[in-house]
Amino acid sequence: MQKIVIAIDGYSSCGKSTTAKAVAAELGYAYIDTGAMYRAVTLYLLERAIAFHDLPRVEQALHEMQITFKRNRKTGRNELCLDGVIREDEIRQMRISNSVSEVSVIPAVRHALVRQQQRMGRHRGVVMDGRDIGTTVFPDAEVKVFMTAEVLTRALRRQEELAAKNEHVSVEDIVENLEKRDHLDSTRAESPLRRAADAVLLDTTHMMIDEQVDFVLERVSAAL
Ligand code: C5P
């Protein structure tokens, strides 16, 4: 059967990755979490105390670092590796969430990661989630979904995820982080977060995961 690209973009913590992962599993497609890649660059720079405005050093770092995904056979999850080492837990921490949007605004970072994402999806048969997949990475994606949800719902979901990893953060701090990231992501010059003209809007405020997955799968059926 024809293989397509499914682009899932939207605001932070709307359930994009949970939905994308389930859709990919259902279709036997690869799932690529592009946010994890921006988080990995942030971790790399912070660990080496490279200032985000130090462009020559940021460019050198982009050249040196290796971002890959490794499938965990036990969980079936794709885990992010930085220089061959799984760093899933660290990249999800609040300290990374608090800085990632300052890193993802850097054009050199975007160019490097967008190129890598395009290479990863060149054979199609992928579900990719992020902020600019339907607009910049794969403007020709056959299915484009733009997800949104009320900020408090998103914050409560994120709080639960963090608590499961033993990181306890107040709802207020999470709301502040989500609003700051959404603002920076939407207002940057280079591939800002915005709904592609041909993306279908999905508000997940009152939806269960299964309903979100079914919604995307229906779009896929219509596209095939
Ligand atoms: O999806 P996630 O919340 O993990 O993304 C973290 C951050 O990475 C976003 O807030 C955004 O700044 C950046 N990002 C991006 N473009 C993408 C995916 C993520 O700028 N395609």
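Give the residue that is nearest to LYS144 (Cα to Cα), with candidates limited to residues of region 182-199 that are in contact (Cβ under 8 Å) with a residue 12 or more places away in the chain and touching a Leu at 6+ places or on another chain (Cβ under 8 Å).
Per the criteria, the residue is ARG195.
If we keep just the residues of region 103-119 that are among the small types (Gly, Ala, Ser) and in a helix (DSSP H, G or I), which is surrounded by the most Cβ atoms within 10 Å (Cβ to Cβ)?
Checked region 103-119; the qualifying residue surrounded by the most Cβ atoms within 10 Å (Cβ to Cβ) is ALA112.
Condition (residue is more than 13 Å from the ligand (Cβ to nearest atom), touching a Lys or Arg at 6+ places or on another chain (Cβ under 8 Å) and over 24 Å from ILE91 (Cα atoms)) applied to region 124-139: is it met by at least one residue?
yes
Between a residue in region 2-21 that is under 15 Å from ARG195 (Cβ atoms) and any residue that is part of a loop (DSSP other than H, G, I, E, B), which pairs come within a Cβ distance under 6 Å, given they are 6 or more apart or on different chains?
ALA7/PHE138; ALA7/ALA141; ASP9/ARG131; CYS14/ALA149; CYS14/THR204
Failed condition for ARG181, given (1) modelled with pLDDT under 95; (2) out of contact with any helix residue (DSSP H, G or I) (no Cβ under 6 Å at 6 or more places or on another chain); (3) under 27 Å from ALA30 (Cα atoms); (4) not hydrophobic (A, V, I, L, M, F, W, C), with all others met?
(2)
Taking interchain pairs and intrachain pairs at least six residues apart, which have beta carbon atoms under 7 angstrom, with the first residue in region 207-224 and within 16 Å of LYS144 (Cβ to Cβ) and the second hydrophobic (A, V, I, L, M, F, W, C) and loosely packed, with under 12 Cβ neighbours inside 10 Å?
LEU224/MET1
The values are calculated or read from the model by the stated rules, or taken from the named source; none is laboratory data. As the structure is a computational prediction, the values presented were derived from the model and not from experiment. Positions of Cβ are backbone-derived with ideal geometry, glycine not excepted, and every protein chain shown enters the neighbour counts.
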